[in-house]
Amino acid sequence: MTSLGRVLIIAGSDSGGGAGIQADIKTVTALGGYAATAITAVTVQNTLGVSAVHPIPAEVVEAQGRAVLDDIGADAIKTGMLGDLAVVEAVARLLDSARGVPAVIDPVMIAKGGAALLSPAATGAVRALLIPRAALLTPNAPEAQVLTGETVATADDLRRAGEALLMAGARAVLMKGGHVPGKRVIDLLLTPDGETVFEAERQDTRHTHGTGCTLASACATGLAQGLSLTEAVARAWAYVQEAIARAPGLGAGHGPLDHGWPLRGKA
């Protein structure tokens with residue numbers, strides 16, 4: 001029997017509900033956890049893209065996180081869209097104040113529609129401040145390419161970039177292969193002890209908005225509930241695959257997943 005699992009999510013709001021804080025809360029809830037939040041930005045977006053971003057001041061982001069940690073507490077922390085340097089620095093302080101709580105760092109840089117969600121100045125801070133604090137880092141191929149400076153276009157590239165990110169201080173790295181061409185999607189979980197491969201037939205669908213947010217939040221929920229890293233990632237990976245398959249088909253662009261499918265059973 002897993003524990004409830006308290007997850008503090010530090011990320012931006014998606015008005016369309018498919019990614020960001022909304023996807024995170026849905027995911028944590030569907031997997032039986034408890035979601036609390038520190039919102040970093042309010043975005044104006046739908047399945048067609050992001051049309052505006054309103055940042056939340058870093059001191060307010062930090063105050064939200066401290067309010068949660070000082071009262072409710074957390075069994076895991078998940079970060080998503082952070083936006084700028086000051087917020088990255090605030091998140092590093094929050095993580096340091098919650099030592100022993102595993103942090104799942106999703107280095108969100110670009111929205112599905114192409115909008116930039118992390119300033120250039122903040123990218124170096126993610127590399128210097130957050131990667132060494134990550135119990136699990138969950139970059140996709142473009143993000144890994146920015147963080148390592150290496151080309152990431154094949155499964156072998158994923159592995160090399162993941163190893164470089166381990167060397168940069170992450171305790172584990174889940175390299176997401178959705179951007180790597182091929183009939184099958186291959187994700188690699190890399191730790192100092194070895195590698196676990198997650199592989200499935202690529203689903204032919206445009207409804208993949210928020211997959212990265214969802215996967216990272218699902219991993220954080222598993223860790224918060226006391227699962228081992230491999231168990232947490234395996235459950236998260238299966239959850240996301242099913243959520244994509246059950247996508248409700250909303251919107252004219254990159255539509256959302258069906259985050260709530262476990263609440264309705266597998267039928």
Cross-link reach from LYS26 to aspartates and glutamates, straight Cα distance under 16 Å and at least 8 residues apart if same chain, gives ASP14, GLU242, ASP258
Ordered by residue, what ³J(HN,Hα) values in Hz, to whole numbers, does the range 224-233 give under the Karplus form 6.51 cos²θ - 1.76 cosθ + 1.60, where θ = phi - 60° and Gly and Pro are x? 4, 8, x, 6, 5, 4, 5, 5, 5, 5
Here the equivalent ellipsoid of the chain, derived from its Cα gyration tensor, has semi-axes (largest first, whole Å) of 23, 21, 20
By the C-alpha gyration tensor axes a ≥ b ≥ c (rounded if a/c is under 1.5, else prolate when a/b exceeds b/c, else oblate), the shape of the range 171-267 is oblate
Quick one: check the C-alpha center-to-center distance for the range 88-106 versus the range 200-257, whole angstrom. 23 Å
Amide H partners (placed H, <5 Å) of THR37, local residues excluded: ILE9
Ranked by how many other beta carbons lie within 10 Å on average, peptides 188-198, 119-129, 224-234, 168-178 from highest: 168-178, 224-234, 119-129, 188-198
re the range 108-199: pairs of Cα atoms spaced beyond 14 Å account for a percent value of 62 percent
Express as a percent, rounded to the nearest 5, the fraction of DSSP beta bridges in the range 6-259 (both residues included) that run antiparallel. 45 percent
Computed Kirkwood radius, in angstrom, where 1/r is averaged over Cα pairs of the range 1-52: 11.6 Å
For the range 1-150, with equal point scatterers placed on the C-alpha atoms only and solvent neglected, what are the log10 I(q)/I(0) values from the Debye formula at q = 0.14, 0.17, 0.21 1/Å, to two decimals? -0.63, -0.94, -1.43
How do 131-141, 152-162 rank on mean C-beta neighbours within 10 Å, highest first? 131-141, 152-162
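No lab work stands behind these numbers, since they all come straight from the coordinates. Since this is a predicted model, take the numbers as computed values, not measurements. Neighbour counts are summed over all protein chains in view; Cβ atoms, including those assigned to glycine, are modelled from backbone coordinates with ideal geometry.
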